[in-house]
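A.B. asks: Supplied in structure tokens, the structure appears directly below.
The values are calculated or read from the model by the stated rules, or taken from the named source; none is laboratory data. This structure is a prediction, so every number in the text was calculated from the model and none was measured. Ideal geometry is used to build each Cβ from the backbone, glycine not excepted, and the neighbour counts take in all protein chains shown.
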Amino acid sequence: MSSNLLKIEKKLKSKIYFNYNIGRLTWFRTGGVAKALAIVENSQELEIILNEINNSNFYILGAGSNLLIRDKGFNGTIIKLGKEFNSLNIKENKLEVGAATSDLSLSNYALKNNIEGFEFFSGIPGSIGGAIKMNAGCFGSETKDKLDSIEIFNIKSEKQIIMRKDINLNYRSSNIKINQIISKAIFNFNYGNNKIIKDKMENIKKRRLLSQPIKSRTSGSTFKNPPNMFAAKLIEDSGCKGMTFGNAYVSEKHANFLINNGKATASDIENLGKKIIDKVYNKFNIKLDWEVKILGDF
Ligand SMILES: Cc1cc2nc3c(=O)[nH]c(=O)nc-3n(C[C@H](O)[C@H](O)[C@H](O)COP(=O)(O)OP(=O)(O)OC[C@H]3O[C@@H](n4cnc5c(N)ncnc54)[C@H](O)[C@@H]3O)c2cc1C
């Protein structure tokens, strides 16, 4: 697989790196090496690269804000969408957004164009591809709210449009498969009042600064909230706030955030998570479910 990429890399605008320390591209800033990293310039080259990889192991990386790469790394190709996938356009009555565009850029673009309903994206440090896969959301809004459809590529390099109703977007989940690459999102929108949109974004910024350790090496909420409950409260009430494992610890500011103190291995973080799962289960008989995606070999 990487030998195939080696053969074609010189003909491409896309950048291919071999034995790349992929952990450094995640918010946790830890984890191992991937056989190859392809930063894909455009759709045409995405097709070429997928054809070369054929059916072997690959994984699509967004902004790495919800991902833990295990210390032994990933025995395959990590695909990261580059230039062409970083785009924002209003086309008739739809907003077309490339999957590599940051959530913050989308909300700033919406503000500039007096478009309402995209303010919450300013509170999520991911890409639009990752937002759709996770149905990311905060402060009462979710990615699915305004989504019309998405464009994806599958392992056979086939491009397909999928309508929102067929993506099964639920709380921090979707039915996007591991071998489907979202390349573009199409949103419905309405115009609104610039001052109201701006105030909402400022309010979100203030609330996040007060409640989340957003400058740390973290992946945000580690576990999903069980129905009608808050994972952070269960974690706190199980005595886990401030708990450590190696060089990873549970945030004092937000108990559902695990933090790398700068020297944590991925296994410190994963083991800390497992310790929390056990403690919460022993106290409340509730099994927390990881929201953070974990990739790689033990
Ligand atoms: C400080 C902080 C605060 C956070 N706050 C929130 C919050 O309030 N609400 C919330 O929902 N989340 C929050 N998160 C989590 C995270 O930002 C979201 O889950 C985000 O949507 C992940 O996007 P990403 O681009 O970083 O995806 P990644 O972490 O790179 O990947 C996550 C998953 O999405 C898949 N993926 C990424 N791009 C694509 C694509 N183009 N096609 C197909 N699959 C893709 C990956 O394969 C992986 O399975 C927070 C994280 C941090 C670090």
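A.B. asks: Pick out the one residue from ASN51, ASN66, ASN42 that is in contact with a Ser or Thr (Cβ under 7 Å, 6 or more places away or on another chain), closer than 20 Å to PHE153 by Cα and either at pLDDT below 95 or not small (Gly, Ala, Ser) (or both).
C.D. replies: Going through ASN51, ASN66, ASN42 in turn, just one is in contact with a Ser or Thr (Cβ under 7 Å, 6 or more places away or on another chain), closer than 20 Å to PHE153 by Cα and either at pLDDT below 95 or not small (Gly, Ala, Ser) (or both): ASN51.
A.B. asks: Say whether the condition of being assigned by TED's automatic domain parsing to the domain that holds ASP166, within 29 Å of LYS80 (Cβ to Cβ) and either among the aromatic types (Phe, Trp, Tyr) or away from the ligand (no atom under 16 Å from the Cβ) (or both) is met by at least one residue in segment 254-269.
C.D. replies: No, every residue in segment 254-269 fails to be assigned by TED's automatic domain parsing to the domain that holds ASP166, within 29 Å of LYS80 (Cβ to Cβ) and either among the aromatic types (Phe, Trp, Tyr) or away from the ligand (no atom under 16 Å from the Cβ) (or both).
A.B. asks: Of everything in segment 107-133, what is of a type in the set (A, V, I, L, M) and surrounded by fewer than 24 Cβ atoms within 10 Å (Cβ to Cβ)? Give them in sequence order.
C.D. replies: LEU111, ILE115
A.B. asks: Can you tell me which of ILE60, ILE16, ILE79, ILE49 is surrounded by 18 or more Cβ atoms within 10 Å (Cβ to Cβ), in a helix (DSSP H, G or I) and not assigned by TED's automatic domain parsing to the domain that holds ASN135?
C.D. replies: Matching residue, one of ILE60, ILE16, ILE79, ILE49: ILE49.
A.B. asks: Here are some conditions: (1) away from the ligand (no atom under 16 Å from the Cβ); (2) in the same structural domain as TYR191 (by TED's automatic domain parsing); (3) assigned to a loop (DSSP other than H, G, I, E, B); (4) not hydrophobic (A, V, I, L, M, F, W, C). ASN108 meets all but one. Which one does it not meet?
C.D. replies: Exception for ASN108: condition (3).
A.B. asks: Only one of these conditions is not met by ASP297: (1) at pLDDT 95 or above; (2) closer than 28 Å to ILE78 by Cβ. Which number is it?
C.D. replies: (1)
A.B. asks: Then there is this: Taking segment 258-298, which residues are among the acidic types (Asp, Glu), under 24 Å from ASN135 (Cβ atoms) and assigned to a loop (DSSP other than H, G, I, E, B)?
C.D. replies: Passing the criteria: ASP289, GLU291.
A.B. asks: Just to verify a result, which residue in segment 32-46, among those that are in contact with a Phe, Trp or Tyr (Cβ under 9 Å, 6 or more places away or on another chain) and assigned to a helix (DSSP H, G or I), is nearest to THR101 (Cα to Cα)?
C.D. replies: This residue is SER43.
A.B. asks: Determine if segment 210-232 includes at least one residue that is more than 16 Å from the ligand (Cβ to nearest atom), surrounded by fewer than 19 Cβ atoms within 10 Å (Cβ to Cβ) and within 23 Å of GLY296 (Cβ to Cβ).
C.D. replies: Within segment 210-232, not a single residue is more than 16 Å from the ligand (Cβ to nearest atom), surrounded by fewer than 19 Cβ atoms within 10 Å (Cβ to Cβ) and within 23 Å of GLY296 (Cβ to Cβ).
A.B. asks: In addition: Does segment 87-97 hold any residues that are within 16 Å of the ligand (Cβ to nearest atom) and either surrounded by fewer than 23 Cβ atoms within 10 Å (Cβ to Cβ) or outside any strand (DSSP E or B) (or both), and which are they?
C.D. replies: SER87, LEU88, GLU96
A.B. asks: Give the residues of segment 141-166 that are away from the ligand (no atom under 11 Å from the Cβ), without any contact (Cβ under 8 Å) to a residue 60 or more places away in the chain and of a type outside the set (S, T, N, Q), sorted by residue number.
C.D. replies: Result: LYS144, ASP145, LYS146, LEU147, ASP148, GLU158, ILE161, ILE162, MET163, ARG164, LYS165, ASP166.
A.B. asks: Could you grab me the full set of residues in segment 111-134 that are within 12 Å of the ligand (Cβ to nearest atom) and aliphatic (A, V, I, L, M)?
C.D. replies: ILE124, ILE128, ALA131, ILE132, MET134
A.B. asks: Right, here's the next one. Of everything in segment 171-196 that's in contact with a Phe, Trp or Tyr (Cβ under 8 Å, 6 or more places away or on another chain) and touching a residue at least 40 places away in the same chain (Cβ under 8 Å), which residue is farthest from the ligand (Cβ to nearest atom)?
C.D. replies: Of everything passing the filter in segment 171-196, PHE189 is farthest from the ligand (Cβ to nearest atom).
A.B. asks: For segment 176-193, how many residues are of a type in the set (S, T, N, Q) and under 15 Å from the mean Cα position of the chain (by Cα)?
C.D. replies: 2
A.B. asks: Considering only segment 61-73, state which residues are within 11 Å of the ligand (Cβ to nearest atom) and either in contact (Cβ under 8 Å) with a residue 40 or more places away in the chain or of a type in the set (Ser, Thr, Tyr) (or both).
C.D. replies: GLY62, ALA63, SER65, ASN66, LEU67, LEU68, ILE69
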